[in-house]
Amino acid sequence: MLHKPAGILVSGNSFKTVANALPQNIKYSNLSDATTPQPVHRLDYATTGILLVGKTSSSIRALNRMFEDKKVEKTYYAVTIGEMNSDGKITTTIDSKPSQSNYKKLDTVFSERFKKLNLVQLEPKTGRRHQLRKHLASIDNPILGDATYGIEDLILKGKGLYLHAYSLRFTHPFTNKQVYFKDEFPERFQKLFSSKISEIVGGNNN
């Protein structure tokens, strides 16, 4: 498990990717089927947060399959703009494919420029490209800092996208034990919602 910063690709043709950096920066497994460490799922270029890495051929195959079969529970947090329902389910299709994201509004602060900013917990049930960003934009609550799907007059520049992959929960494919990983909130989230984030972090120490 590692933290992916914003502004770097997980993998692809670019030289600067997480996948390319792993061999020089992570300890190899000492198991018999050890291989070059590699990510077993993806995060968008602009998204921060938790990224799972496999170090053996068998673990990479098993974890890839678990993500494909939706057996990994993913929790994200975002800051959204505008008046928003307390919770909901978004099922707008993406690229003509069925998609689902569940959300829960946890806190709201008032902003002179944006009127209302919301701290939102997100659970994507499918894994389409830019799913959370597209889904939130589709209900007129775009993510703060989203230059692609945001409202033109309300684009926050220079602070990055306020979308964070916070935790992963799954049953370990080999030990059958429950595994829970989480990543700290970025500082820019803390500045807006410090007390609510303290509650979240305090309630997730498991």
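The values are calculated or read from the model by the stated rules, or taken from the named source; none is laboratory data. Fair warning: this is a prediction, and the values are worked out from it, not measured in the lab. Don't worry about glycine lacking a Cβ; one is built from the backbone with ideal geometry, like all the others, and counts go over all protein chains shown. Each accessible area value is taken on the protein alone, full model and side chains, heavy atoms only, with ligands, DNA and RNA left out. Shrake-Rupley method; radii C 1.70, N 1.55, O 1.52, S 1.80 Å.
A compact table of results
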quantity: Pairs, first free of Cβ contacts under 8 Å to residues at least 60 places away in the same chain in the range 179-201, second open to solvent by less than 20 Å² (accessible area, probe 1.4 Å), C-beta under 8 Å, six or more apart; calculated: 179/168; 179/170; 180/167; 180/168; 188/162; 190/197; 201/185
quantity: Of all residues making up the range 152-206, the number that are open to solvent by 50 Å² or more (accessible area, probe 1.4 Å), under 18 Å from the mean Cα position of the chain (by Cα) and either over 20 Å from residue 50 (Cβ atoms) or not charged (D, E, K, R) (or both); calculated: 4
quantity: Any hit, the range 78-86, residues being among the polar types (S, T, N, Q), touching a Ser or Thr at 6+ places or on another chain (Cβ under 7 Å) and surrounded by fewer than 19 Cβ atoms within 10 Å (Cβ to Cβ); calculated: no
quantity: Residue within the range 91-100 that is within 26 Å of residue 191 (Cβ to Cβ), more than 17 Å from the chain's Cα centre (by Cα) and at pLDDT 95 or above present; calculated: no
quantity: Selection from the range 36-58 of residues that are of a type in the set (Ser, Thr, Tyr), surrounded by 21 or more Cβ atoms within 10 Å (Cβ to Cβ) and not in a strand (DSSP E or B); calculated: 47
quantity: Condition broken by residue 141, with the remaining ones in (1) in a loop (DSSP other than H, G, I, E, B); (2) touching a strand residue (DSSP E or B) at 6+ places or on another chain (Cβ under 6 Å); (3) among the polar types (S, T, N, Q); (4) open to solvent by 30 Å² or more (accessible area, probe 1.4 Å) satisfied; calculated: (4)
quantity: Test: residue in the range 14-34 that is at positive phi and within 18 Å of the chain's Cα centre (by Cα); calculated: no
quantity: From 87, 95, 107, residue being among the acidic types (Asp, Glu) and more than 27 Å from residue 193 (Cβ to Cβ); calculated: 95
